[in-house]
Structures are given as structure tokens and as C-alpha cells.
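A short worksheet on the structure shown next.
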Amino acid sequence: MNDFDQVPQDDLPQLHLDSQLCFPLYAAARKVVNHYTPYLKPLGITYTQYIVLLALWESGSATVGDLCRRLYLDNGTITPLLKKMEEAGYIARSRSKQDERVVTVTVTEEGWQLRTAVKDIPFQVGSCIAMSREDAFSLYQLLRKLLGTVG
């Protein structure tokens, strides 16, 4: 007899894996993000670098703080990521002349060229997900709502 045989199975239903909202979110996110790897790896970028570039391509530049807020990343995560992207030549970082604490990130010519190389990835990954457009849009709306309510 092991320790598991002595534990009542329903004494704490809130601790059942199937009771957790976080678990299907986590598992689904991992599965979807893993579909990006075969497309991004040959380009030498990670999924997180890809989403940084997506955010930057919309405006050409952003402050590190803006990127952190937009991508739900903390400074300790994004700083080494940006350093690697700068070393690869995709972005340039510069300190604000008005406030040296503010770092602006700008897409380089090489970074803009990468945009063309990844343009079909959303369609390629989307085709791997067996979900109607309507269900995908509903899920997107629910997830955006969740992001707005989680403090």
C-alpha cells in the first residue's frame, strides 16, 4: 500500500486538475506555441522574440516599458531577449535624451526583412488548429477579456 491509497480522492475537489482554469490555458498555450517552432527555428528566433517583433512592426519602435505592458512580460524577461535580438541585428536600443531611464527599441532594416520571411506563419500555424473561424474568434475574445480582468 502506498501513500496515495490512503488519500481520500474527493476531500478537496478544488485541487483536482480538471477543476483548474489555469491548466487548460497553460496546456493549450504550450501546444499552440509549439506549432511555431518549426517555422521560427530556421530563422533563428524564438516565439517570444517573434511576438516582440510583431509588436514592433506595428509602429516601428516602442519603449521597453510599452513592450512589457503589451506583451505581459516583465523587465527581467524582456531585457536579455532584446539584447539577443540586438546582437542578431533585428532591433536597436537607445536611451531617451529626455529621460535616460527610458529605452526605446527600434526595428532595423534586417528586422524589417524578417517580417517578409514570417508573413505566412500565422496561416501555417492556423491551419494546424482544427477550430472554426467563429470558435477561434470567440476564444480570442474570451482570452482578451480574461487578460483584462486578471490583476
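At a glance:
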| read-out | value |
| --- | --- |
| Output for segment 131-140, where each listed residue is surrounded by 10 or more Cβ atoms within 10 Å (Cβ to Cβ) and either assigned to a helix (DSSP H, G or I) or among the charged types (D, E, K, R) (or both) | Asp135, Ala136, Phe137, Ser138, Leu139, Tyr140 |
| Near pairs, Cβ below 6 angstrom, 6+ apart or cross-chain, from segment 127-147 (farther than 21 Å from Asn34 by Cα) to any residue that is open to solvent by less than 100 Å² (accessible area, probe 1.4 Å) | none |
| Cys128, sole failed condition from (1) part of a helix (DSSP H, G or I); (2) more than 23 Å from Cys22 (Cβ to Cβ) | (1) |
| Some residue of segment 61-73 being of a type in the set (Val, Ile, Thr) and surrounded by fewer than 17 Cβ atoms within 10 Å (Cβ to Cβ) | yes |
| Residue tally, condition open to solvent by 70 Å² or more (accessible area, probe 1.4 Å) and either in contact with a strand residue (DSSP E or B) (Cβ under 8 Å, 6 or more places away or on another chain) or among the charged types (D, E, K, R) (or both), over segment 8-54 | 6 |
| Asp120 being surrounded by 15 or more Cβ atoms within 10 Å (Cβ to Cβ) and of a type in the set (D, E, K, R) | no |
| Spans of strands (runs of 3 or more DSSP E) in segment 29-120 with at least 1 residues of a type outside the set (Phe, Trp, Tyr) and without any contact (Cβ under 8 Å) to a residue 40 or more places away in the chain | 91-95 |
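The values are calculated or read from the model by the stated rules, or taken from the named source; none is laboratory data. Please read all numbers here as calculations on a predicted model, not as lab measurements. Backbone-built Cβ (ideal geometry, glycine too); neighbour counts: all protein chains shown. For the accessible areas, the whole protein counts, side chains as well, though only heavy atoms, and no ligand, DNA or RNA atoms are used. Shrake-Rupley method; radii C 1.70, N 1.55, O 1.52, S 1.80 Å.
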